[in-house]
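The values are calculated or read from the model by the stated rules, or taken from the named source; none is laboratory data. Worth saying up front: this structure is predicted, and the values here are computed from it rather than measured. Note that we place each Cβ from the backbone using ideal geometry, even for glycine, and neighbour counts take in every protein chain shown. Just so you know, the surface numbers come from the protein's heavy atoms only, side chains and all, with ligands and any DNA or RNA stripped out. Shrake-Rupley method; radii C 1.70, N 1.55, O 1.52, S 1.80 Å.
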2 protein chains.
Amino acid sequence: MTNTSDLSRLMSIAAVERDCGLPKDTLRVWERRYGFPNPLRDRHDERLYPAEQVATLRLLRRLVEAGHRPGKVVGRSDEELSVLLRQVGVPARQIIGAEARQVLKLLGAYDAAGLREVLNALLMRAGLGAFAAEIGPGLAEAVGAAWSRGEIEIHQEHLFTEQFTTVLRSAINAAQGAGLPRRRPRVLFSTFPQEPHALGLLMAEAMFTLEGCLGISLGVQTPIPEIAAAARAHEADILALSFSSMIPALQAIAGLTELRALVPETVEIWAGGACPGLRPKAGFLVFRELSAIAPAVGDWRSRAAVARSS
Amino acid sequence: MTNTSDLSRLMSIAAVERDCGLPKDTLRVWERRYGFPNPLRDRHDERLYPAEQVATLRLLRRLVEAGHRPGKVVGRSDEELSVLLRQVGVPARQIIGAEARQVLKLLGAYDAAGLREVLNALLMRAGLGAFAAEIGPGLAEAVGAAWSRGEIEIHQEHLFTEQFTTVLRSAINAAQGAGLPRRRPRVLFSTFPQEPHALGLLMAEAMFTLEGCLGISLGVQTPIPEIAAAARAHEADILALSFSSMIPALQAIAGLTELRALVPETVEIWAGGACPGLRPKAGFLVFRELSAIAPAVGDWRSRAAVARSS
DNA sequence: GAGGCGTATTTGTCCAGGACAAATTGACGG
DNA sequence: CCGTCAATTTGTCCTGGACAAATACGCCTC
């Protein structure tokens, strides 16, 4: 007989917030309004979430992000939620289907070395540009979807991220070392404090590197005033910010607006990533596709040349 | 005349949490207990923090992180806080004093390319082993201390981390590709969910790689049951966990004990990092120095050989 | 039927003030 | 000098109420 609330599988509200990306206040108010989640309590009345409920919360987060209203979906069974999810996440990039299947197969076999080889082979075949702009996002999406369908475990997603990062970073290094002399624009890369994902940032860095830009990465999770300070210090021309669905679109826009006010008008702000509701606004550009970076750098250089000659 | 509460320089509690890294609950309870911060209120009684108070909060966070008690420092003037800040962080490793000064100078000049060159030169001069085991920790400590003293900004610390990671990861790749054939032990690397720092993990990976081990990294912040699942799936011989002072020693020990119960006795658990109170216990080893890894791998192989022949 | 606009509903975030566990300090004895 | 236990400090969690911002809905016009 299986104990449904196995002690080792209970999580505190802080752990659930970390794990699911749902703020504590939201977890509590959902419980109050919709009756779910319905955590156990320890002797001091603190919430203890069973692993099954945490899994359901992850599904809910994806659905809400995709546009469903919490009032309509919170409280439904996992089966119903899965049905809804399947209707939402129609895989957009069928092109890389074969590669994705191969990667998922290797992840299923826990074959780290094989995975690295395949990624390197893909890089060689497609070139750095297509690898970062097309294959990378496609594979990341496929792996994320497989995880949300329960086909792979978190540690397998971690493994993929780690191997992909390694391969891509090596390629960027190689491209920086050899090849074109580096010239402007000078681009500063980072993410906002709520955004811990480095993959999107790295893929963007690859695209800029291919265009011969001067790139400086601050890594992930830099406070906004610090990004502004770094922009001034490094005399950056462009701030490149990467977003995933980890961060609500509104917070992203608020952050970008705050950042806009902190740096001179001459510094451009380019935002990109898989953040559904992120729309361009006065003061910053939004890139839906990594492939749009290359022409945009060309445009920037034309503008810069005009400005210089005038 | 300067308006001390200029409207454009007021921040909501959520914004302060993001920028200072102090949770909302902590901001409220400091206000209640110590009378600081002392934010204005909008018409709906929501806190609005003036920029000056936010700056002071940043100083306070540094001091608290360096070991000062909030009750002793919250409420003091900026001048007093600055004096205290200058006293923290006496560099322990004087050996790498010259290198650290050079790195800090480059950070001060925002010279990313120069920094990369210096790190590469250090790597070549010292070799991967000494670079990862001695120079890396020494530089990281010096940079962290400089931040505590307010000599550099967070974005400069990020820049250092990013450049160091790049250099070290390239070196690990090179060492893996060429050189010895890989053989056991098979080592799985990760950190606990509360631990986002990747540098220690990477330095450990370098040490194991030099010994010719089969290394698999899951990256940072893997849930404990997932680490256990990955250990079984990959048939790992050793789980290598990295800790910083980010994580309280007791939580680390609790996590290690939990992990111990989830994996077979034959899998060893090796913990390391700059976590002050972390003591070895039955079931796992604790490494104070990265240089202790090499001999420990040798011991493991001897033990494995004995076990096999018996 | 498509599109703009004002109103109703939903939803996330904030507040206060109390409580207590976890972490740290300090006192005490070996 | 070091380990153990009690006192204190500190961070996190709790409840339940409130409301603004976001979203959906009804209505009107073209």
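Could you tell me whether A:L239 is buried (at least 23 other Cβ atoms within 10 Å of the Cβ) and not small (G, A, S)?
Numbers: buried (at least 23 other Cβ atoms within 10 Å of the Cβ): yes; not small (G, A, S): yes.
Yes.
Table: residues versus (1) farther than 21 Å from A:M207 by Cα; (2) assigned to a helix (DSSP H, G or I); (3) of a type outside the set (V, I, T); (4) within 14 Å of chain B (Cβ to nearest Cβ).
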{"site": "A:A130", "(1), (2), (3), (4)": "no, yes, yes, no"}
{"site": "A:V143", "(1), (2), (3), (4)": "yes, yes, no, yes"}
{"site": "A:W147", "(1), (2), (3), (4)": "yes, yes, yes, yes"}
{"site": "A:G150", "(1), (2), (3), (4)": "yes, no, yes, yes"}
{"site": "A:H158", "(1), (2), (3), (4)": "yes, yes, yes, yes"}
{"site": "A:T161", "(1), (2), (3), (4)": "no, yes, no, yes"}
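With the requirement that a residue be more than 12 Å from chain B (Cβ to nearest Cβ) and open to solvent by 30 Å² or more (accessible area, probe 1.4 Å), what does region A:188-211 give you?
If the condition is that a residue be more than 12 Å from chain B (Cβ to nearest Cβ) and open to solvent by 30 Å² or more (accessible area, probe 1.4 Å), then A:L210, A:E211 are the ones that fit.
Tell me which residues, restricted to region B:17-29, are at pLDDT below 90 and either surrounded by fewer than 16 Cβ atoms within 10 Å (Cβ to Cβ) or among the hydrophobic types (A, V, I, L, M, F, W, C) (or both).
B:C20
Could you please give the count of residues in region B:116-143 that are small (G, A, S) and surrounded by 20 or more Cβ atoms within 10 Å (Cβ to Cβ)?
Selection size over region B:116-143: 6.
If a residue has to be crowded, with 18+ Cβ neighbours inside 10 Å and farther than 23 Å from B:R303 by Cβ to count, how many in region B:246-273 make the cut?
5
Being assigned by TED's automatic domain parsing to the domain that holds A:H158 and at pLDDT 85 or above narrows it down to one residue among A:V103, A:V64; which is it?
Working: A:V64 fails: assigned by TED's automatic domain parsing to the domain that holds A:H158.
The conditions single out A:V103.
Would you pick out the residues in region B:30-58 that are within 14 Å of DNA strand D (Cβ to nearest atom) and either aromatic (F, W, Y) or surrounded by 13 or more Cβ atoms within 10 Å (Cβ to Cβ) (or both)? Working first, answer last.
Restricting attention to region B:30-58, the residues satisfying the condition of being within 14 Å of DNA strand D (Cβ to nearest atom) are B:30-37, B:41-48, B:57.
Matches in region B:30-58: B:W30, B:E31, B:Y34, B:F36, B:P37, B:R47, B:L48, B:L57.
I'm trying to understand the selection: among the residues of region B:163-187, which are open to solvent by 50 Å² or more (accessible area, probe 1.4 Å) and in a strand (DSSP E or B)? Outline the logic, then answer.
Within region B:163-187, the subset open to solvent by 50 Å² or more (accessible area, probe 1.4 Å) is B:174, B:177-184, B:186.
B:R183, B:R184, B:R186 - these are the residues of region B:163-187 that are open to solvent by 50 Å² or more (accessible area, probe 1.4 Å) and in a strand (DSSP E or B).
The conditions are (1) within 23 Å of A:V297 (Cβ to Cβ); (2) more than 9 Å from every other protein chain (Cβ to nearest Cβ); (3) touching a residue at least 24 places away in the same chain (Cβ under 8 Å), and A:G177 fails exactly one of them. Which is it?
(3)
Given the conditions (1) more than 13 Å from DNA strand C (Cβ to nearest atom); (2) away from chain A (no Cβ under 14 Å), report the number of the one that B:H44 does not fulfil.
(1)
So which pairs qualify, if the first residue must be in region A:35-48 and within 22 Å of A:P70 (Cα to Cα) and in the same structural domain as A:R76 (by TED's automatic domain parsing), the second must be part of a loop (DSSP other than H, G, I, E, B) and more than 11 Å from DNA strand D (Cβ to nearest atom), the Cβ gap must be under 8 Å, and the two must be at least 6 apart or on different chains?
A:G35/A:G75; A:F36/A:V74; A:F36/A:G75; A:L40/A:S5
Output the residues belonging to region B:227-247 that are away from chain A (no Cβ under 12 Å) and either free of Cβ contacts under 8 Å to residues at least 24 places away in the same chain or in contact with a Lys or Arg (Cβ under 8 Å, 6 or more places away or on another chain) (or both).
Matches in region B:227-247: B:D237, B:I238.
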